[in-house]
Amino acid sequence: MNEVPLLAVEDLVIALPPGAERPHAVDGVSFTLARNEILCIVGESGSGKSMTAHAIMGLLPQPQVRATGGRIRYLGEDLLQAEPARMRALRGHKLGMIFQEPMTALHPIMRIEAQIAEGIQQHAPMARAALRARVTELLLAVGLPDPERLRRAYPHRLSGGQRQRVMIAMALAPDILVADEPTTALDVTTQAQILMLIRDIQAARQMGVLLITHDFGVVAEVADRVAVMQHGRIVEIGAVAQILEAPQHPYTQSLIAAVPRLTAAARPLSPDAPVVLAAEAVTKVFRQRSWIPGRGTEVVAVQGVSLALRRGETVGLVGESGSGKSTFARCVVRLLEADSGAIRLDGTDIVKLGRRAMRPWRTRIQMVFQDPYASLNPRRRVGDIIAAGPLAHDVPRAEAARRTTELLALVGLDPASAGRYPHEFSGGQRQRIGLARALAMQPDILVADEPVSALDVSVQAQVLALLADVRARFDLSMLFITHDLRVAAQVCDRVAVMYRGEIVEVRPTAELFADPHHPYVRDLLAAVPGRRWLPAVAG
């Protein structure tokens, strides 16, 4: 007799509300998940992979979005027919879920202990002492040090990796773990630790894991099987080696082709190219005062950083979260004030300039921000957002409008979209709008702070190609901040690696990747997900 699969999704259909871009978020999806298996569902934003996960957990935003067909069988039981009380009994006890963004999934004013304990008490009430012991046990199980301290902490006191580990501790279930993009926002070393943790827990508990991702490096690292989704349908499913090494569907082939390679080509730069930006011994210290004398704290975020950028050059600033790279970038554009050191634009130290004296220099250096959702004013039309900078610097309105029209076309958007609002665009389109806003000032230098980290791999490739085109067209210099070494390999002439506020190595990209000198740089390269598969992709 055939064994009943742990999870069987059969012809699942999820309807979207009237007026959506398509009638169904998921249309006829079928797959199975076995015990002790990791199945990765891969696809771009809007492919339906997260909707499928939420349907399994009974978390669809009904009645606007609801399953209208098919079955989701857990050990033979159809979860779509289960009563709400039954789903509450299964969630957290038999079915666990790790959400993509832990800061939105964790309650900001509840201590970690209370958040983990809440789920335990829901399914297996126990005495206070036993509950505290269980919370400590779970924190240790996910590799968190000093659980006695961490259980009393609030989420904002934890790093991104620590918050994701707390989410895993809350989601641990004996049968099925659904992980929705659990490593997307993490740097490479933390990402490697989380993937190893998920794999180890899955093996120890013999769970089935459904891991949703758009990163084929993650797939290469942990998957047993892979399902590729496009427009609500599974277009290809099979063993990980089959999908990665011999993809059959054109969409799968295009996704794999868009994966950034880890190999970097030599990019010779003219030695006569002038230095347009020179940071000299820049230091930034964050101070937190306390009403108790002597209890204030200081964090040295950037310590004595020196870096030069030449005309037409892209220098990558690479490091983990907390390494100081974004703080340094904000000091460069004077969004933060450096405590000491010099930042010279064409020989002028802008650190010493007052607000009024700094004003004309702001047109020379512009920033593209990491989050295309948070960096655009949701109440202003896109055309007004792009034109705002030139208008603030006394550019005539007709000229600002002309620039807006030209720049929207340059970044691949319909100039007629100037009258739309940011929420009407996808993440990749919003990032293009952010780039157009920066270019409207006709700068000499672009500071790009993680501009593609929140984007799907194919959209990421498009934005990187656009940045390369813009740099060549306008002879721009670029300071490119990223935690993804694969991205740095594609766009940077030189790479500077930051660690604990200091630059530990800076060299031409191809040389650094071929023969890293500093142990930290070697660790970063070793932690790139799918590193063993990436050379085969490049070939």
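Just so you know, all these numbers are worked out from the coordinates, no wet-lab data involved. None of the values given here were measured: they were computed from a predicted structure. So basically every Cβ, Gly included, is an ideal-geometry build from the backbone, and we count neighbours across all protein chains shown.
Quick notes
- Most simply put, the chain has about 55% antiparallel DSSP beta bridges, counting only bridges with both residues inside it.
- Rh by Kirkwood over Cα pairs, then Stokes-Einstein D for region 1-127 at 0.692 mPa s and 37 °C, µm²/s: 201 µm²/s
- Amide H to amide H, with H built 1.01 Å from N, D484 comes under 5 Å of no residue 5 or more places away or on another chain.
- The chain pair-distance distribution - Cα-Cα, 20 Å bins, rounded %: 20, 51, 27, 2, 0
- Note on Q64 and E511: their simple-model spin labels are 5.5 nm apart, each label 7 Å out from Cα toward Cβ.
- Pairwise Lys count, the chain - Cα closer than 25 Å, eight or more residues apart or different chains: 4
- Pair S340, H393: separation of 7 Å Cα→Cβ label points (nm): 3.2 nm
- For region 212-226, backbone phi angles converted through the Karplus equation (6.51, -1.76, 1.60; θ = phi - 60°) give residue-by-residue couplings of 9, 7, 10, 9, 5, x, 5, 4, 4, 7, 10, 6, 9, 10, 9 Hz, Gly and Pro being listed as x.
- Förster radius 30 Å - calculated FRET efficiency between E137 and A82, Cβ distance, rounded to 0.05: 0.50
- The string of couplings for region 311-322 from the Karplus curve (6.51, -1.76, 1.60, θ = phi - 60°) is 4, x, 9, 10, 10, x, 10, 10, x, 6, 4, x Hz, one whole number per residue in order, with x for Gly and Pro.
- Distant-in-sequence amide H partners of A527 (H built 1.01 Å from N, under 5 Å): none
- With the convex hull of the Cα atoms taken as the outline of region 101-172, the averaged projected area works out to 4.3 nm².
- Estimated 222 nm signal from helices in the chain, with DSSP H stretches of n ≥ 4 weighted -39500 (n - 2.57), rounded to 500: -10500 deg cm²/dmol
- Footprinting exposure proxy for L75, L211 (fewest neighbouring C-beta atoms within 10 Å first): L75, L211
- Computed over the chain, relative contact order equals 16 percent, with contacts defined as Cα pairs under 8 Å that lie 6+ residues apart.
- Take every pair of alpha-carbon atoms less than 8 Å apart whose residues are at least six positions apart; their mean separation over the length of region 1-147 yields a relative contact order of 22 percent.
- Integer Hz, Karplus 6.51/-1.76/1.60 couplings in order for region 8-25, x for Gly and Pro: 9, 9, 10, 6, 5, 10, 10, 8, 9, x, x, x, 5, 5, 8, x, 10, 6
- Taking region 101-172 and dividing mean pair separation by its residue count, relative contact order in percent (alpha carbons under 8 Å, at least six apart): 48 percent
- Sequence of Y520, Y373 once ranked by neighbouring C-beta atoms within 10 Å, starting from the fewest: Y373, Y520
- The distance from the alpha carbon centre of region 59-84 to that of region 416-485 is 40 Å, rounded to a whole number.
- Seen from P390, the other residues with C-beta closer than 15 Å to its C-beta sum to a net charge of +4, counting Lys and Arg as +1 and Asp and Glu as -1.
- Remark: D146, D444, D384 ranked as D146, D384, D444, counting other beta-carbon atoms within 10 Å and listing the fewest first.
- Full extension of the chain between S426 and A124 yields a length gain of 104.5 nm, computed as 0.36 nm times the residue separation minus the alpha carbon distance.
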